[in-house]
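Asks: One structure, as structure tokens, below. Some questions next.
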Amino acid sequence: MSIRPIEYRDGAIRMIDQRLLPTQEVWIRYRDYQSVAEAIRSMVVRGAPAIGVAAAFGVAFGARDIAAAGFGEFYAELEKVCATLAATRPTAVNLFWALDRMRTRARQLAGSPLDDIRTELLNEALAVAAEDEASNRAMGRHGAVLIPDGARILTHCNAGALATGGYGTALGVIRAAVESGKSVSVLADETRPFLQGARLTAWELHKDGIPVTLICDNMAGALMRQGEIDGVIVGADRIAANGDVANKIGTYSVAVLAREHGLPFYVAAPLSTIDRNIADGDQIPIEERDAIEVTHCGATRLAPEGIRVRNPAFDVTPARLVTAIITERGVVRGDYVAGLAQLFREHR
């Protein structure tokens, strides 16, 4: 594993500024929840699991700085902290999962001294980070058996160490396959408009010595037709109860191409990414981001002034196009409603 994008040290977290990769490796320290919220909103940190980890630390920092006379006042202020963090990115369900977990822990400690609650909330954030990396490694072990020796795997966006607490979801499966002795190479599409594939996936795989080839987003179909891709694996930002998958915009197109060419299309995500409160993908909120991400590359304008722009950050891939969903608890195929529900029953 090349990197952990979030590190806790001496009352603060360090996060690598993913907006500057691959040309600069800049780490920024965050000590308060407002700056953590802005880091999530501006995509200093991105990827659903990593957003959840960052949000948990944001809550812990907010709790540390709350001046209150009793638990009622403390918890009311903690809700304001959570509301600020919740407003940053609407699609990634790990964000809301982490906030709910921190709220629940605070309520469990009602009646304890406030300093003890603050300490325990920091411990909970540290546990969220550690558990995320552990779940990614378990996910990798489950998914590695699906990757044939010699496979050439297409991935979209970045679902690697940079998008998680460490190791990665989709790239964690690839890492685990390589660690098991298999020869695996990756085709990373650039992933317009934020270029997570070109900037981040290519960077971390190259850093780890895993063979990676960068392609433009519109090359996937031609390469599939030519027999140069053996399968697809992606991460997810939210999975509905029926197995519909919200992931970075363009994922749906890749899934359709994979189905047309008879290739497996795998999704790797932790249980915290599965939203059992949403029946299907039509109910998943889709974030619309600033037009400048489409009209510009860095400071360079690519499109005419005044042009109308659409910039949805995610799309939804129907469950019928998904070959399997890989989680830390195992692999689910076919009837996702029953299969995903069973994973949660086993997780109790």
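The values are calculated or read from the model by the stated rules, or taken from the named source; none is laboratory data. Predicted model only: the values in this text are computed from it and were never measured. Please note: Cβ atoms are built from the backbone with ideal geometry, for glycine as well, and neighbour counts cover all protein chains shown. Side chains included, ligands, DNA and RNA excluded: accessible areas come from the protein's heavy atoms. Shrake-Rupley method; radii C 1.70, N 1.55, O 1.52, S 1.80 Å.
Asks: On the given criteria, is A127 under 15 Å from P49 (Cβ atoms), open to solvent by 20 Å² or more (accessible area, probe 1.4 Å) and modelled with pLDDT of 95 or more?
Replies: Details: under 15 Å from P49 (Cβ atoms): yes; open to solvent by 20 Å² or more (accessible area, probe 1.4 Å): yes; modelled with pLDDT of 95 or more: yes.
Considered against the rule, which asks whether it is under 15 Å from P49 (Cβ atoms), open to solvent by 20 Å² or more (accessible area, probe 1.4 Å) and modelled with pLDDT of 95 or more, A127 comes out as yes.
Asks: Could you name every one of the strands (runs of 3 or more DSSP E) located completely within the stretch 250-348 that has at least 2 residues being open to solvent by 60 Å² or more (accessible area, probe 1.4 Å), under 30 Å from Q24 (Cα atoms) and out of contact with any strand residue (DSSP E or B) (no Cβ under 6 Å at 6 or more places or on another chain)? Before you say what the answer is, go through the steps one by one.
Replies: Working: elements: 265-268, 314-317, 324-327, 330-332.
Counting at least 2 such residues, we get no strands (runs of 3 or more DSSP E) at all.
Asks: Please verify whether the stretch 147-167 includes one or more residues that are open to solvent by less than 40 Å² (accessible area, probe 1.4 Å), touching a Pro at 6+ places or on another chain (Cβ under 7 Å), under 20 Å from V53 (Cβ atoms) and β-branched (V, I, T).
Replies: For the stretch 147-167, residues open to solvent by less than 40 Å² (accessible area, probe 1.4 Å), touching a Pro at 6+ places or on another chain (Cβ under 7 Å), under 20 Å from V53 (Cβ atoms) and β-branched (V, I, T): present.
Asks: When you look at V81, is it under 30 Å from A291 (Cα atoms) and among the β-branched types (V, I, T), yes or no?
Replies: Against the criterion (under 30 Å from A291 (Cα atoms) and among the β-branched types (V, I, T)), V81 qualifies.
Asks: Only one of (1) of a type outside the set (D, E); (2) more than 17 Å from the chain's Cα centre (by Cα); (3) open to solvent by less than 40 Å² (accessible area, probe 1.4 Å) is not met by R141, so which one is it?
Replies: Failed condition: (3).
Asks: Of everything in the stretch 26-54 that's among the aliphatic types (A, V, I, L, M) and open to solvent by 30 Å² or more (accessible area, probe 1.4 Å), which residue is nearest to A176 (Cα to Cα)?
Replies: If we filter the stretch 26-54 for residues that are among the aliphatic types (A, V, I, L, M), which is where we start, we get 26, 28, 36-37, 39-40, 43-45, 48, 50-51, 53-54.
In the following step, the residues that additionally are open to solvent by 30 Å² or more (accessible area, probe 1.4 Å) were identified as 26, 28.
Details: V26: 28, I28: 30 Å.
Taking the candidates together, the pick is V26.
Asks: Looking at F74, F57, which one is open to solvent by less than 10 Å² (accessible area, probe 1.4 Å) and farther than 24 Å from E131 by Cα? Walk me through it before giving the result.
Replies: Values: F57 fails: farther than 24 Å from E131 by Cα.
Among F74, F57, only F74 is open to solvent by less than 10 Å² (accessible area, probe 1.4 Å) and farther than 24 Å from E131 by Cα.
Asks: Now for a different question. Answer yes if at least one residue in the stretch 197-210 is farther than 21 Å from Q18 by Cα and either modelled with pLDDT under 95 or small (G, A, S) (or both), and no otherwise. Explain how you work it out, then say what you get.
Replies: Quick first cut of the stretch 197-210, residues farther than 21 Å from Q18 by Cα only: none.
For the stretch 197-210, residues farther than 21 Å from Q18 by Cα and either modelled with pLDDT under 95 or small (G, A, S) (or both): absent.
Asks: Let me ask something else. From (1) in contact with a strand residue (DSSP E or B) (Cβ under 9 Å, 6 or more places away or on another chain); (2) not in a helix (DSSP H, G or I), pick out the condition that doesn't hold for N94.
Replies: Going through the list (1) in contact with a strand residue (DSSP E or B) (Cβ under 9 Å, 6 or more places away or on another chain); (2) not in a helix (DSSP H, G or I), N94 breaks only (2).
Asks: Right, here's the next one. Could you check the stretch 1-25 and list, in sequence order, the residues that are open to solvent by 50 Å² or more (accessible area, probe 1.4 Å) and more than 19 Å from E133 (Cβ to Cβ)?
Replies: Initially, the stretch 1-25 is screened for residues open to solvent by 50 Å² or more (accessible area, probe 1.4 Å), giving 1, 4, 8-10, 14, 19-20, 22-25.
Matches in the stretch 1-25: D10, R19, L20, P22, T23, Q24, E25.
Asks: Checking the structure you have, find out if any residue of the stretch 122-131 is farther than 17 Å from S272 by Cβ and under 16 Å from the mean Cα position of the chain (by Cα).
Replies: First, the residues of the stretch 122-131 that are farther than 17 Å from S272 by Cβ: 122-123.
In the following step, the residues that additionally are under 16 Å from the mean Cα position of the chain (by Cα) were identified as none.
Taking every residue of the stretch 122-131 in turn, none turns out to be farther than 17 Å from S272 by Cβ and under 16 Å from the mean Cα position of the chain (by Cα).
Asks: Then there is this: State whether one or more residues within the stretch 82-97 are loosely packed, with under 13 Cβ neighbours inside 10 Å and closer than 19 Å to Q34 by Cα.
Replies: Just the residues of the stretch 82-97 that are loosely packed, with under 13 Cβ neighbours inside 10 Å, to begin with: 83, 87.
From what is left, the residues that are closer than 19 Å to Q34 by Cα are 83, 87.
Yes, the stretch 82-97 contains at least one residue that is loosely packed, with under 13 Cβ neighbours inside 10 Å and closer than 19 Å to Q34 by Cα.
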